Every structure is written in structure tokens, then in C-alpha cells.
Amino acid sequence: MTFGAAAYAMWGLFPLYWPLLRPAGDVEILAHRMVWSLVFVAAVLTVSGRRGRTGWAQLRTVLGDRRRLGLLAGAAALITVNWGTYIYGVNHGHVVETALGYFTGPLVSVLVGVVLLRERLRPWQWVAVGLGAAAVVVLTVGYGRPPWIALLLAFSFGIYGLLKKLAATGAIESLAVETGITAAPALIYLLILGGTGAGTFTGHGLSHALLLIASGAVTAIPLLAFGAAATRIPLSMVGLLQYIAPVIQFLLGILVFDEHMPVERWIGFTMVWLGLAVLTWDGLRHSRRARLPTPAPGG
């Protein structure tokens, strides 16, 4: 449980990190994140291989599986959208809206299951999804526009999670493939920036360069902690822990970044929270029923 709580707490604190990378632009930050994540993951794979674990051998197995490779390529595209949207939201004063995206994520995951996997929802799940949809309408009125940052985050991460589930690949190997796919165009972009003098990596001091490099570790460490937790604690507990990150983001948006919260947004957020409460309650109730022993036939 400690690993899981630590992972979600680190994700929740991300809004404090990305502004530190200014004056780098959003796309430059995203490109550095991809490149240095690959470097960090390669180091982890090398160390794990030396300690007798799978390391690079497992990665080669994944690369030899066309189906899994295709799924992870799709996941790489979606996580690029997710990371880029999140960096943009944080660095342009929309931290609360990024929190909304991750609050809405579980509801979107249920909707994705219905649309793409033809899953049948229980009545209370429909209530939760309905509350989420109504909240989007209320928030659209409150923002004066659809909450597109939140919707992009929620849907990109929801479908990303589906592809990762179908790929059934370890967290570190999966991240290695995803960043391996995206790192080449990211590196080309950074070289072009550097060649034209528009990049910030070498012109703003050692501390700025080190912060950009550290984006790889900042990306990978929470994922590794989450992977360690997912194998040790029940799925229901993972489901509850996931709310730590958006709660921290929401509080940072209001208390640290001083973002405005008019009445319409409070109403919309309250509807999302109510939908999550219904979804969580229904999920816990259903899992308890599933664990009950089946009565023996006969009297």
C-alpha cells in the first residue's frame, strides 16, 4: 500500500515540477520527457538484468510480438497526447481542470468498456456515468467552453489504460517500448531547436539542464512504484488510491496556484465526486458479493 500511495502522491505533485522547467516551452518539455524517460528506463533494464531479473530479455520478447507491439504503439500515441495536454494545462493556469480530468478518468474507463468492449453496466454504474455526463454540461456552462483539457486527459488515459491491459506487458518494458517509439522524433525536434538557437537546454544554466534531464526519472519512478504496488495489494485498494493524485492536484490548483472556482465549477465538481462515490460504492459492493462462497447444492 505504501508504494501505491507514494506513486499517486508523486503524480499529484507533478504541477509543482513542470513550471520549474520554464522558459522551456510545452513541446520542448514534452520532448525532453520522452528522451530522458527512455534513458532512465534503459538504465533500469540494464540494472535489473544484472541482478538476475528479466531486463532486456523480456523487452526482446515484447518486441518480437507484433500484436503487443501494435497495441503499445497506439498507447505511445495516446500517452503523448496525455503528457502534452497535462504539461500545457499545468503551465497555462489550468491545474484544477487537469485534476478534473483524472477525477473523470474512472467514469470514462467505464464508458470505454461499454463502447469498445461491449461490456454491460450495472444500474448504479449507469447512474455514475450519467452524473459524469451531466457534470460536463454544467462545467461547459461554467467555463464558457467544453472542459477540453479534462476531457482530453480522461479519454486519452482511459483508452491508453485499455491498450495497456490488452498488451499485458510489464510496466518498465511497456514504458521502454512507448518511449522508444516517441524518443526518436522527440530527439530530432530537440536537435532542431538546439541548432536554431530556440532550445533552452544549454543556454539557461546547469540547474535548468539537470531539471530537464530529471524529467525522465520523475516520469518513471512513480510508474515503478505503482507497478510494485499493483502486484501486492487488492485491485479495490488500487481503485481507492487513484483518487490521491487528483485530490492533491485540485488542492494545489486552489491553494498554491490560486485558480478561481466559481459556483458553476463547484457544482460540476460535486457532481463528478458524487458519481465517483456511486461508482466506488457499487464496485466495492460487487467485489464483496463476488467473494462470497457459493452455497452448496441441496438442503
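The values are calculated or read from the model by the stated rules, or taken from the named source; none is laboratory data. Quick caveat: nothing in here was measured; it's all calculated off a predicted structure. Using ideal geometry, Cβ is built from the backbone for each residue, glycine included, and neighbour counts are taken over all protein chains shown.
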Evaluate the following for Arg60: is it surrounded by 14 or more Cβ atoms within 10 Å (Cβ to Cβ), more than 30 Å from Asn91 (Cβ to Cβ), charged (D, E, K, R) and over 19 Å from the mean Cα position of the chain (by Cα)? no
Is it fair to say Val90 is modelled with pLDDT of 95 or more, surrounded by fewer than 22 Cβ atoms within 10 Å (Cβ to Cβ), farther than 15 Å from Ser174 by Cβ and not aromatic (Phe, Trp, Tyr)? no
Filtering the stretch 141-151 down to residues that are assigned to a helix (DSSP H, G or I) and over 15 Å from Leu111 (Cβ atoms) yields Val141, Gly142, Tyr143, Trp148, Ile149
Since Thr169 meets every condition but one in (1) surrounded by fewer than 22 Cβ atoms within 10 Å (Cβ to Cβ); (2) at pLDDT below 90; (3) outside any helix (DSSP H, G or I), which condition does it not meet? (1)
Conditions first: (1) hydrophobic (A, V, I, L, M, F, W, C); (2) more than 30 Å from Pro23 (Cβ to Cβ); (3) surrounded by 23 or more Cβ atoms within 10 Å (Cβ to Cβ); (4) at pLDDT below 90. Ala135 passes all but one, so which condition is the exception? (4)
Could we say that Ile188 is touching a residue at least 24 places away in the same chain (Cβ under 8 Å), over 22 Å from Trp18 (Cβ atoms), among the β-branched types (Val, Ile, Thr) and not in a loop (DSSP other than H, G, I, E, B) here? no
Six or more apart or on different chains, Cβ atoms under 7 Å: show the pairs whose first residue is in the stretch 216-227 and at positive phi and whose second is modelled with pLDDT of 90 or more and surrounded by fewer than 21 Cβ atoms within 10 Å (Cβ to Cβ). none
